[in-house]
Structures are given as C-alpha cells and as structure tokens.
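Quick notes on the structure that follows.
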Amino acid sequence: MRVQFCGVRGSTPAPGPDFVRYGGHTSCVALAHDGDGLGPTLVLDAGTGLRRLSAHLGDQPFRGTLLLTHLHWDHVQGLPFFAGGDREGAQVRLLLPAEDEHTDAGTLLARMMSPPFFPIGPHQLRGDWQFGLVPDDTFVAEGFTVLVREVPHKGGRTMGFRVSDDHSSVAYIPDHCPTALGPGPAGIGEYHEAALELARDVDLLIHDAHLRAEEVEAEGFFGHAAAEYAVGLGALAGARRVALFHHRPDRDDREVDRTVCRFAGSPVPVIGAAEETTLAL
Ligand SMILES: [Zn+2]
Ligand SMILES: [Zn+2]
C-alpha cells in the first residue's frame, strides 16, 4: 500500500514561508495499491489538500472512493476544487457519516456546498458522482478492507478508519477527543476500545496531534488530542509507526519539529506527517 499525504493541517489552511516543510493544506490522505499502476483510488477526507491529488493524476480522471471522517470545513473544503474528480470521465463514490436517519448524503453535503455559500451544489460536479453514507462496520472499497468506528470529537459524528489490504494496514484518526471519555492513565484521554480496535497492530497510525499534553487542559474543549496521546495509543495498540497529523495552523515548521523531537526515544517510531510525502507500507 502507498500512503500519500496531500494535506496534513488541521482547522484551516496555513500558507506562508514558515509552513513549507510540513505544508499548509488541510486533511487529505490518498491510498494506492502498490504496483497496480492505477494511482490512488481510495482517498481519506477532502480537505484543501485534495487539490494536490489532481496533479498526480496527470490528465487522467479520478476513479475511486472518497471517504470522509466527518463534515468539518477542514475535511471537505477541497471537494469543489478537485479537478481530477470534477471532469468528464471521472467516477467518484463519496461516502460520509450519517447525522440522522432522515437526511441523505447529498442533502447533508449540500448544506455546506450550495448557494449562497458556494456557487454550485455537489450534484453539479462534472463526471459521475455518487453520494452515500459510510457503513457502520467493515466494508470493501477499491480493493481495501475498511473498518469503521465512531470516535469522540466535537460537533457532529466523527469516524476513524482502519484500512488494510493483503499486505499492510493503516489507521486514520485525524480528529479525536479522547478526554471526552475520561482523563485516562496520563490525564490526556482514555485509550478506549474503538481507538484501540482501529490502531491494533497497524503498520502506520495517522492520528490527531493538534495539541501537546500541556495544552489539553486549556484547549481540550476544541475536540482534539495531544501528540502524546497519539504515541501512547500507538504503543498500546502495537502500531509499528505513528504519524502525527492535523498540525495546528499556528504551529510552524520549527514548532512541529519540536513536537516530533519529544518522541526521539519512543519505542514506536514517530514522524510528523508532511505534505507531498509518500510512504510505502
Ligand atoms: Zn479537523
Ligand atoms: Zn473536526
């Protein structure tokens, strides 16, 4: 499996010279089967980083699935700017979490993407787009097996995904507020069953590292986790590597470096997710 970070930032984009190494685009991770020549076919979240994926598709239209963890701006705003998907020949299945039993996926998405907030609605994207809801449990998308678990966050339902193929596995939990379930052993959140299940023995855990441990008390109400929690979860669940993700928009390159350096002696290798990096698992 190849994991391509297209956007790693949380909350809102962070452009400028102090943000070039880790990148300023918001959450988007593209997955490809190594060696099949098709490029990424399963995309996790549609933050502004989604624009970057088009460049990698060349003149090919995107054919695959977009899977959204939740509907906050930093996870959907790239959608109408996804040139690879918004073109003739594109075949896109977009799945998002249900908010209630009555609202279908297209209607839900149109709440943020329709006039007067945006010039067009989701159904006006070119190509063949299908809108649906993320299944509650395990399903298969683009040849990957996806395990879905709801995780605590803030304001709307939020999912985490564990994606695997015959060779490797990745857990993707970009927005997570584990303190909502209790302080846990270190006061930075509970290592609860859903999180452990998602991260169990994965090759790579991509996790919310919006905060540092000492910021949780004052800023935990924003709905995010500390980098220390991400690494703690990875160690407890047997993950082989942890990628700190969803960097705060005011955390410039040097500050992200400082966060990553905290884990130099960690039993689990820790990296800071950086835009335009591709990992082969
Ligand atoms: Zn977010
Ligand atoms: Zn969020």
Worksheet item: Taking interchain pairs and intrachain pairs at least six residues apart, which have beta carbon atoms under 6 angstrom, with the first residue in the range 142-156 and in contact (Cβ under 8 Å) with a residue 24 or more places away in the chain and within 13 Å of residue 180 (Cα to Cα) and the second open to solvent by 50 Å² or more (accessible area, probe 1.4 Å) and within 16 Å of ligand 1 (Cβ to nearest atom)?
Response: 152/180
Discussion item. Tally up the residues in the range 252-281 that are open to solvent by 20 Å² or more (accessible area, probe 1.4 Å) and either on the phi > 0 side of the Ramachandran plot or of a type in the set (D, E, K, R) (or both), please.
Written reply: 8
Worksheet entry | Spans of strands (runs of 3 or more DSSP E) in the range 94-155 with at least 2 residues open to solvent by less than 20 Å² (accessible area, probe 1.4 Å) | 144-150
Worksheet entry | Qualifying residue in the range 50-67 (condition: of a type in the set (S, T, N, Q), part of a loop (DSSP other than H, G, I, E, B), in contact (Cβ under 8 Å) with a residue 24 or more places away in the chain and within 16 Å of ligand 1 (Cβ to nearest atom)) | no
Response to the item:
A careful count of residues in the range 1-26 that are in contact with a Cys (Cβ under 9 Å, 6 or more places away or on another chain) and aromatic (Phe, Trp, Tyr) gives 1
Item to complete: Could you please let me know if residue 160 is buried (at least 20 other Cβ atoms within 10 Å of the Cβ) and either assigned to a loop (DSSP other than H, G, I, E, B) or within 16 Å of ligand 2 (Cβ to nearest atom) (or both)?
Response: yes
Discussion item. I need the full set of residues from the range 181-191 which are away from ligand 2 (no atom under 16 Å from the Cβ) and buried (at least 18 other Cβ atoms within 10 Å of the Cβ), in order please.
Written reply: 188, 191
Fill in: Test for residue 135: is it under 19 Å from the mean Cα position of the chain (by Cα) and away from ligand 1 (no atom under 16 Å from the Cβ)
yes
Fill in: Any chance residue 244 is in contact with a helix residue (DSSP H, G or I) (Cβ under 6 Å, 6 or more places away or on another chain) and in a helix (DSSP H, G or I)
no
Worksheet item: Under the condition of being buried (at least 21 other Cβ atoms within 10 Å of the Cβ) and away from ligand 2 (no atom under 16 Å from the Cβ), which residue from the range 201-227 is nearest to residue 264 (Cα to Cα)?
Response: 227
Worksheet item: For the range 115-155, how many residues are in contact with a Pro (Cβ under 8 Å, 6 or more places away or on another chain) and among the hydroxyl-bearing types (Ser, Thr, Tyr)?
Response: 0
Practice prompt. Evaluate the following for residue 235: is it more than 21 Å from residue 49 (Cα to Cα), touching a residue at least 24 places away in the same chain (Cβ under 8 Å) and of a type outside the set (Phe, Trp, Tyr)?
Written response: yes
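The values are calculated or read from the model by the stated rules, or taken from the named source; none is laboratory data. Computed from a predicted structure; not experimentally measured. A quick note on method: Cβ atoms are made from the backbone with ideal geometry, for glycine too, and the neighbour counts reach across all protein chains shown. Accessible surface is based on the protein model in full, side chains and every heavy atom, while ligands, DNA and RNA are left aside. Shrake-Rupley method; radii C 1.70, N 1.55, O 1.52, S 1.80 Å.
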